[in-house]
Amino acid sequence: MNALPTTLPIRTECPPGACVCDRDALLQNPQGDTRVLLLTREEEKRLLQRLEQLSSLADLRRMQERMHQQLGIRITITPSPNEVRTLRGITILVHEQPGLCRKTRQAIPAAIKQSLERRPEISYELLDEGGLFGGQ
């Protein structure tokens, strides 16, 4: 079971109608994975700052793994099946999950794209990892 320890702060609920994260339903489900609720607004700011400062593809992969292990957040990063000429050709998807705020699902890819813009070599490594450059 993934019950939250009572001593840790959890994310406050979004204003009514502003989000469809199903936070309350998640809290009422004894089988629900509540780890994502540990991402308070303050922790979210820290996470986004960290994602904006990625230094390499290995760093990005580490952050993906940590977010999955600690919060249950899954991220898929894929190049477009067509030619990738700009960052728009790279898709960053934060998978939906109960308790994960819609705004957070939008902010995470934006923070990662900022890192990719700042350090284009990460994008090149990502594309090379997919075999798109054929080892060139």
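The values are calculated or read from the model by the stated rules, or taken from the named source; none is laboratory data. Since the structure is predicted, the reported quantities are computational estimates derived from the model, not experimental observations. Backbone-built Cβ (ideal geometry, glycine too); neighbour counts: all protein chains shown.
Here are the numbers for this structure:
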read-out	value
Count - residues of segment 54-79 that are exposed (fewer than 13 other Cβ atoms within 10 Å of the Cβ) and over 14 Å from the mean Cα position of the chain (by Cα)	2
Enumeration of residues in segment 104-136 that are among the polar types (S, T, N, Q) and at pLDDT below 85	Gln136
From Pro81, Pro9, residue being of a type outside the set (A, V, I, L, M), within 30 Å of Asp128 (Cβ to Cβ) and modelled with pLDDT under 90	Pro81
Lone unmet requirement of (1) modelled with pLDDT under 95; (2) buried (at least 16 other Cβ atoms within 10 Å of the Cβ) for Ala25	(2)
1 or more residues touching a residue at least 12 places away in the same chain (Cβ under 8 Å), touching a strand residue (DSSP E or B) at 6+ places or on another chain (Cβ under 9 Å) and within 22 Å of Pro15 (Cα to Cα): qualifying helices (runs of 4 or more DSSP H) within segment 25-127	102-118
